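**Student:** Take this structure first; my questions come after.
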Amino acid sequence: MGKWPELRNLQSVLAIAFIAYSIFAIYIFLWADRLIFLPPPASYRHSPATDVSAINILTGYGEVIAARYLPNPQSQYTLLYSHGNASDIGTVAPILQALYDRGFSVMAYDYPGYGHSTGTPSESGAYHALETVYRYLTDYLDVLPAQIILHGQSLGGGPSTYLAAKAPVAGLILESTFATVFQVAFPFRILPFEKFPNIRRIGHITCPLLILHGTADQTIPFHHSEALLAAAPEPKQLVAIEGAGHNDMLRINEALYLNSIQKFAESLVPVNTSQSSSLNRN
């Protein structure tokens, strides 16, 4: 009889723990996008009528994606660049210009709710935005999938990995990217759902992979890229930028950063130039 009060106490503790966990899980489920996406005030002017690099792309849902396109007549590849969660295409302009100066055509865009893009930021919105820009490149600008290299920085690695796993591209570059969003905050899985599950999707890519990560990254630790590398199929490579943090690779070691991307592009095996997009149109 003496054990019954202890059992009831244990049951009460477990019930309280379950209720607390359920409240926490529901909160994260409902608010995750608001916690993940942190759009800054637009850092750039966007005038497609007067700026030839400024583009508005209409999505299948009636939203407008603001993009910047830098076509390079000398380029073999177009880098389709997806930025981080607290950036826009204005703040990453120096990186885009540096990549253009290395001989690439560059297309960058803002997620819904970022910069001059309309809509509300969300995981699904980020996926759809990248699909829309990819389709714009292939359908309207006549860029072949075999000429597109996806480049995702930080949060941008989420939509980039998503698209690389479902559409033909020449290559995938992941820069300072996570295995999953929640693994950045929690060292082990505590929720029954995930956001941007790169670690699960990367095994399904069929293109070469380049991963770049700073060894001093305190936002998304280096081991995330090591995990992604282990889960990805060949061919793949990881370049460690010694001493670089989360957003300063270009400043810490510009030569290694740009040379790694350029050598990766040069290593790609030409694929069928008649290849077409496998994405369904809306």
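Only the coordinates and a few stated rules stand behind these numbers; no lab work does. Only a predicted model underlies this, so the values are computations on that prediction, with no experimental measurement involved. Heads up, the Cβs are rebuilt from the backbone with ideal geometry, glycines too, and the neighbour counts pull from every protein chain shown.
**Student:** As an exercise, use a Förster radius of 30 Å and the Cβ-Cβ distance of residue 231 and residue 263 to find the FRET efficiency, rounded to the nearest 0.05.
**Tutor:** After rounding to 0.05, the efficiency reads 0.85.
**Student:** Could you give the spread of the C-alpha atoms of the stretch 140-183 along their three principal axes, from largest to smallest, in whole angstroms?
**Tutor:** Result, largest extent first: 38, 17, 17 Å.
**Student:** Where does each of 34-45, 103-114 land if you order them by average Cβ count within 10 Å, highest first? Walk me through the numbers on the way to the answer.
**Tutor:** Working: 34-45: 14.2, 103-114: 24.8.
Per-residue Cβ counts within 10 Å, averaged per peptide and sorted highest first, yield 103-114, 34-45.
**Student:** Just order 64-70, 256-262 by mean Cβ neighbour count inside 10 Å, highest at the front, would you?
**Tutor:** Answer by packing, highest mean first, reads 64-70, 256-262.
**Student:** Right, next: Sort the following peptides by mean Cβ neighbour count (other Cβ atoms within 10 Å, averaged over residues), highest first: 46-58, 203-215.
**Tutor:** Working: 46-58: 13.6, 203-215: 19.7.
Packing proxy ranking, top to bottom: 203-215, 46-58.
**Student:** Could I have the simple spin-label model distance between residue 124 and residue 242, label points 7 Å from Cα toward Cβ, reported in nm to one decimal?
**Tutor:** A separation of 4.7 nm, rounded to one decimal place.
**Student:** Report Rg (one decimal) and Dmax (nearest whole number) for the stretch 37-267, counting Cα atoms only, units Å.
**Tutor:** Taking only Cα atoms of the stretch 37-267, I get Rg and Dmax of 16.3, 50 Å.
**Student:** Continuing with the same structure: Taking Cα centroids, how far is the stretch 163-180 from the stretch 250-264 in Å?
**Tutor:** 18
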